[in-house]
Each structure stands twice: as C-alpha cells, then as structure tokens.
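I have placed the structure first, in the form of structure tokens, so that the comments after it can refer back to it.
Readers should treat all values here as calculations from the given coordinates under stated rules, not as data from a laboratory. Since the model is a prediction, treat every value here as computed from it, not as a measurement. Glycine also receives a Cβ, built like all others from the backbone with ideal geometry; neighbour counts cover every protein chain displayed.
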Amino acid sequence: MTTAIPESGTPGSGLTVAGRPVVVESDRFAGRTIRCGVVGVGRMGQHHARVYSNLPGCSLVGVVDANDDRRGAIAGKFETVPMATVAQMIEAGVDCVSIAVPTIHHYAAAEPLLRAGVACLIEKPLAGDVQTARQLKELSESTGSVLMVGHIERFNPVMRAMQKAMLAGDPIIPRFLEIHRVSPMTFRSVDVGVVLDMMIHDLDVVLMLMDGQEPDDVQASGVAVITEHEDICNARLTWKNARIAGGRTVVANITASRLALKTERIARITGENCYVKIDYGAKSGTLIRRIANEIQMREVRDQIRSGADLTHLKWHELVNIEPLAVDDAEPIVAEITAFLDAVKTGARPPIDAEAGFANVRTAERIVQAIRQTL
C-alpha cells in the first residue's frame, strides 16, 4: 500500500513536497537511525550540520572540510567527528550526505559518494556547466543513488503557502512571470556569475511552474563589473508552445543583480486564472483569483461599453485579494526533511537530478545569450 508524503514528512495527508506529489512504499531503514554527514561546512554547510544534529531519527556522523580549523570548530559545536576526506566519511558508513562545497567541486565530492550508494543532497546549482550536470545525473541513475538538488526557495514558507492555496483551488496557469532578485555584493560564490549564483533559484521555480518544460527561446543581457563573470543579468524566456498553458505562449522576465544597494526578492505571476505576488524576503504573498472576481469584472466591462465614467472607482477595491497563509517553518529544515523522506523510501526527491540538470542547462543558455550581446 502506498501513501503520499506531505511537506512535514508525515504519511497520509495527501499533500505534496515542494509542489510535486511523492508516492512512497515504506521506510527501508526499518526505523533505525539514519547516519548523515556534511561535506563543506562553510556558510550553508554548517546549517545542514545543525539540522542533521537536531532532527529526530538522524545521527550526524561527521563533517568534511578542507579547512582544518573550520571542520574542527563545526565538529565540536555539533558533537561529531571532523574528517579530512570524503573517503573517511564513506568508511564511517554514512547513509546520506549534504554537499555544500563550491560549485566547481560538486562532482569531485559527489562522485565517490554516489558510487558507494550514498544519497546526496547537493547545494544549488547541481554543477557549473551542463556537461558536469549531465555526468552527475547519469551517475545517480546508473548507481540508483538518491540525488537531490538544494534549491531552497521551493521550501520558502511563502512558496509552500502558494502551493497549498493552489491545492485548495485551481492550479496556476502562468502566462507572464516577472521576477527580481537583487542584493549587495557579498563576495561569496564569486567562482560563478550571478546567473548560477542567484538567478538559478528563480529558474528552478519557473521551470517547476512550467511543469519542467524548458523555454523555446532565451534572450539575455548581462554585465561583469566586479568579478570575471556577469554580476547583473536580465533574461527573457519564452515558451512558444507551453504545455501547461494549452499550447499558448508564456513569457518570464527575470532580473538578477549582486550589485544592488538593497536586497529584494519578488516574483509576480500573472496567469489565466489568477495573479500571485510573492515576497521571498518578507515571507508574504497575495493571491487574486479570477473566478472570485468574475462578477465584478463583468459589471465593469459592461459599464465601460456603455460609456460610464468610472474614474471614481478604486481598482484595488474591486478585486478580492487573499493574503497567503504563511507559516514560520525554517526552509532548510523542510528541505532536508523532504530529502530524508526520499532517502528512507527510495521515492523520487522533489528536486531530482533531472530538474537540477534542466536548471543548469537553462542557466547555461542564458550565459551564452549574454555572450552574444557583448
């Protein structure tokens, strides 16, 4: 008998994980403690270590980092074993590992783990180029090892709130998406450009909303200012025959910058059946459903046709605006819980190697489009 696993990891409620249904059989560990590890315990990796050390049913076996002082400090903080190499972690008998090293080292860290049958959660992006992303995808498939990509924005409380709202009504049928993700330079992830560093979050969400279909056309413009890679980019993605929109055209306009004076992470999704605004930073969102406003809109259209003066009307008072019900769950806890569900059951993880590969391939097309404009 199969059951759907919700975001919380508790079977039986029929919800989805990060917008995708997950069907599972049973716990292949038969209830025993899952042995976990982290490779790379810098800014993000140490949060993975914290979550593993606190989650019930998990044991943090060890942490690997090239920096002696850092791995010792993090190991001491979370009462685990500092390790110098991935080989040591495999010898320690880990079941699953989070990989949070710089993107250029993802393959080197993941390859021996996947070959050893260890499930891997690789921080976004899956890889820095399409060839390496394909190699990781094919390695996961050939070994049968679980591979999930850490696109954490799917687990942002406001994104999960939007998914729950859609489950309670009609699904989103997107037609135009406008997304801004800008922030001051942090001088982290400077081994890649802003597309793989920041825009990749939004590419993952957009491709999820497009049911995995990649765009037919990519146009982009970008500028390298501080680093050797693009630090600012605007991309226009077009689906000329979008399956989810019944063969109609869908456009996404995405802007990313790591040279802004303030942080802003906002997505506006205009669909055939609704409009959604998401503020990732503020963890807030609003939803306007077309069906909930059909009567008012019909009346306004009739009055316009009759030549009525409607200048006294206030647009925002004519529509039914629903605030999204956002919880305070920590995104990385939800992400790791979803990963562990897949590890336990062998089910397809919510952001699998195929999705991670599609994200990298779309990002590479954007970078290539930038180069054509230089």
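Enumerate the lysines that residue 314 could reach by cross-link, defined here as Cα to Cα under 25 Å, with residues fewer than 8 away along the same chain left out.
277
Considering only C-alpha atoms, what is the centroid distance from the range 358-374 to the range 281-319, in Å?
What the calculation gives is 39 Å, centre to centre.
With only alpha-carbon atoms in the gyration tensor, what are the semi-axes of the equivalent ellipsoid for the range 179-269, in Å, largest first?
Its equivalent ellipsoid spans semi-axes of 26, 12, 10 Å.
Rounded to the nearest 500, what is the chain's calculated 222 nm mean residue ellipticity when only DSSP H runs of at least 4 contribute -39500 (n - 2.57) each, over all residues?
Helix-only estimate at 222 nm: -10000 deg cm²/dmol.
Based on the Cβ-Cβ distance of residue 368 and residue 176, what FRET efficiency does E = 1/(1 + (r/R0)^6) give at R0 = 22 Å, to the nearest 0.05?
Efficiency, from the Cβ-Cβ distance: 0.40.
How large are Rg and Dmax for the range 29-139 when only the alpha carbon atoms are used, in Å?
Expressed in Å, the Cα Rg and Dmax of the range 29-139 come to 13.3, 38.
Could you order peptides 58-64, 90-96 by the average number of other Cβ atoms within 10 Å of their residues, highest first?
58-64, 90-96
Could you list 98, 306, 145 so that the one with the fewest beta carbons within 10 Å of its beta carbon is first and the one with the most is last?
Ranking 98, 306, 145 by Cβ neighbours within 10 Å, fewest first, gives 306, 145, 98.
Quickly rank 106-115, 154-163, 221-230 as a protection proxy: mean count of other C-beta atoms within 10 Å, highest first.
154-163, 106-115, 221-230
Can you tell me which lysines have their Cα less than 18 Å from the Cα of residue 283? Leave out same-chain residues fewer than eight positions away.
Answer for residue 283, where 18 Å is the Cα cut-off: 164, 262, listed by chain and number.
Take the Cα coordinates of the chain, assign each an equal point scatterer, and use the Debye formula without solvent to give log10 I(q)/I(0) at q = 0.07, 0.10, 0.14, 0.15 Å⁻¹.
Listed by q, the Debye log ratios stand at -0.34, -0.67, -1.24, -1.39.
Sort the range 224-297 into rounded, prolate or oblate with this rule: let a ≥ b ≥ c be the square roots of the eigenvalues of the Cα gyration tensor; rounded if a/c is under 1.5, and if a/c is not under 1.5, prolate when a/b is larger than b/c, oblate otherwise.
It is oblate, given that a/c is not under 1.5 and a/b is not larger than b/c.
Under 1.5 on a/c is rounded, so check that first for the range 322-366, then, if it is not, pick prolate when a/b is larger than b/c and oblate when it is not; a ≥ b ≥ c are the square roots of the alpha carbon gyration tensor eigenvalues.
oblate
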